[in-house]
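Structure record follows, encoded as structure tokens.
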Amino acid sequence: MSYDADLSFVFAHTPKVVFGARAADSVGDLVTELGGQRTVIVTDAFLAGQTDLVKRLGKSLGDRLAGVFSGVIPDPTAPSVDEGAAFARERGADLLISLGGGSAIDTGKAMAVVLTEGGKILEHEGYHALTRRLTPHIAVPTTAGTGSEMTLVTVITDPARGQKTFVGSHFLHPDVALLDPTFTTGMPARLTAATGMDAMSHAVEALISTLRQPLSDAAALQAIELIATHLPRALAQPDDLHARGQMLLAACLAGTAFSNAMVSLNHAMAHSLGALHHVHHGTLNAALLPHTMRFFAADVGDRFTRVASALGGATRGLGDEAAARQAADLMQAFVHRVGLTTRLGELGVPAESLPQVAELSLSDGSIIYSPRPVMDPAEIEALLRQAH
Amino acid sequence: MSLDFPSEAWTAAYKDVLNNDPGYKVAGAPWTAGALTFVVKAEPSIGLKEDVSFILDVHQGVCRDAKISTMEEGAKQPFVITGSYAQWKSVIKKELDPVKAMMQGKLKLKGNLPMIVRNVKAAQSLVENASKIDTHFLDE
Ligand SMILES: NC(=O)c1ccc[n+]([C@@H]2O[C@H](COP(=O)([O-])OP(=O)(O)OC[C@H]3O[C@@H](n4cnc5c(N)ncnc54)[C@H](O)[C@@H]3O)[C@@H](O)[C@H]2O)c1
Ligand SMILES: [Fe+2]
């Protein structure tokens, strides 16, 4: 796997990554390093009410815990972010800790923008338009995962337009990604599988993106190997801290990979299906991934050979395209092995909506990084029909 | 005669090439999201002493106006795209894809990114037409 002679790229990697079982129990030390006096925890009602995770963070924070905002909603909306920012401002927050899946971390990132720059979050939509450091932010993922703790974007839904939009900037990288496997053992099997396959999709898509580059590829390939080995283990033995830890690392590596190389068509379709049918993001990515891999089998050179090997394949003697098809078949078997479907129909997506999904996918930022240009809605619709 | 970029003469020429291009009429037809402001950052070493803002008012495949504006007026438009002289030069010479450049931070966007991506064909046609202008770049 080599690179063009005119390769040019930027690789950004800002968060300090702190990893370890029970590492989150000393979050107070990280807050001290960042100079925080009044910390607001950003999380959802379930994690705040039904788990001891907030309590564990609070114990280490002591009187530097100024409040807990538990109003995070899945696929965060602009009003939910503005509400969180108003809460944090009222508590005099000088540091945010987001605790949860991608939804909590994205809410934390967006709140940091509003706390620093004022106004409402939608006034800041755009790419690389922020100009200074934001309120310090420690991200503590409880899924493995979106990798949002490593990325430079926050995905926010604007209910008025019925559309997801983005704020993207290097200033949105959290200051610290705090990866503690004891914070993910409570995930039910379905969420473990779905968020693990979200990470798998990030890695596979980063590997085939037109922005791929050596450093993101290294992270992506390592992520794929870790997920192939450890996602089944985490499912078989939910309290296996080693497997949970390896999955957190995989999600973090995949996050780094796609924050730099971006994702493409698979995510464009998953975002569009999610906006229309409210099915979980990772579940959709899993269902689509093998089909997308087949769709691009002739366009990815030898890049899927190592994906096939990671999934237990033997590609010796095969040409690139045959190896890529084998990787897609193995990915399909892997999705089934982790208990998920590769049929959109089984997720309640009606066939009649596929033309609209195809149309919407064309306006998703990710689509422009596809390994070959995809601009025709009919082509996407045909792929969606195969996945239905 | 080649026209300085940026200048009033250049923006006027841009309006003309866009309105004379049947390709832009088709590619730009879906665009109803409002005017775009392009900001070229100051570059004193080549004689560009201050930031220059120019507004391109395009709607449904027609360029209604193209003009140099004050920074204040430029900032009021729904899309504001900012870049250095060198980056804009690469865009006009078709060496840099502007949508990718936005995602990489080479150009900075204020506004709704999905709207721009959905209209990537219109964006490509805007670039294609800019490249047709006989342009004199200030650093040449
Ligand atoms: N910014 C980025 O880079 C990026 C990347 C990918 C996805 N995302 C966003 O992330 C969101 C999806 O995130 P997600 O998949 O992590 O799900 P999520 O954050 O929406 O959480 C889903 C559900 O899982 C529950 N949950 C979380 N952790 C748990 C745990 N340890 N135990 C039990 N329940 C738990 C939550 O309470 C919630 O009800 C989407 O909004 C997507 O747009 C962002
Ligand atoms: Fe994702």
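When you check A:K109 against the structure, is it modelled with pLDDT of 95 or more and either among the hydrophobic types (A, V, I, L, M, F, W, C) or away from ligand 1 (no atom under 11 Å from the Cβ) (or both), yes or no?
In short, no.
Check every one of the helices (runs of 4 or more DSSP H) wholly within region B:92-140 and list those with 2 or more residues that are of a type in the set (S, T, Y) and out of contact with any strand residue (DSSP E or B) (no Cβ under 8 Å at 6 or more places or on another chain).
Here the list reads B:120-132.
All but one of (1) within 15 Å of ligand 2 (Cβ to nearest atom); (2) part of a helix (DSSP H, G or I); (3) within 30 Å of A:P355 (Cα to Cα) hold for A:H291; state the number of the condition that does not hold.
(1)
All but one of (1) over 13 Å from the mean Cα position of the chain (by Cα); (2) at the interface with another protein chain (Cβ under 8 Å from one of its Cβ atoms) hold for B:L109, so report the exception by its number.
B:L109 satisfies all of (1) over 13 Å from the mean Cα position of the chain (by Cα); (2) at the interface with another protein chain (Cβ under 8 Å from one of its Cβ atoms) except (1).
Restricting attention to region A:107-118, which residues are surrounded by fewer than 20 Cβ atoms within 10 Å (Cβ to Cβ) and either part of a helix (DSSP H, G or I) or touching a helix residue (DSSP H, G or I) at 6+ places or on another chain (Cβ under 9 Å) (or both)?
Listed by number, the residues that qualify are A:T116, A:E117.
Hey, can you tell me all the residues within region A:260-315 that are acidic (D, E) and touching a helix residue (DSSP H, G or I) at 6+ places or on another chain (Cβ under 6 Å)?
If the condition is that a residue be acidic (D, E) and touching a helix residue (DSSP H, G or I) at 6+ places or on another chain (Cβ under 6 Å), then A:D302 is the only one that fits.
For region B:21-30, indicate whether the set of residues that are surrounded by fewer than 20 Cβ atoms within 10 Å (Cβ to Cβ) and within 21 Å of B:H136 (Cα to Cα) is non-empty.
Among the residues of region B:21-30, not one is surrounded by fewer than 20 Cβ atoms within 10 Å (Cβ to Cβ) and within 21 Å of B:H136 (Cα to Cα), which makes the answer no.
With respect to the numbered conditions (1) of a type in the set (A, V, I, L, M, F, W, C); (2) over 29 Å from A:A220 (Cα atoms); (3) under 21 Å from the mean Cα position of the chain (by Cα), which one is the sole condition not fulfilled by A:A85?
Status for A:A85: all satisfied but (3).
Look at region A:59-106 and say how many of its residues are under 29 Å from A:R22 (Cβ atoms), within 16 Å of ligand 2 (Cβ to nearest atom) and either outside any strand (DSSP E or B) or touching a Cys at 6+ places or on another chain (Cβ under 9 Å) (or both).
Total meeting the criteria: 8.
Would you confirm, using the coordinates I've provided, whether A:A86 is at pLDDT 95 or above, within 14 Å of another protein chain (Cβ to nearest Cβ) and more than 12 Å from ligand 1 (Cβ to nearest atom)?
no
The values are calculated or read from the model by the stated rules, or taken from the named source; none is laboratory data. Remember, it's a predicted structure, so these values are computed and weren't measured experimentally. Quick reminder, even Gly has a Cβ in these numbers, built from the backbone with ideal geometry, and neighbours come from all protein chains shown.
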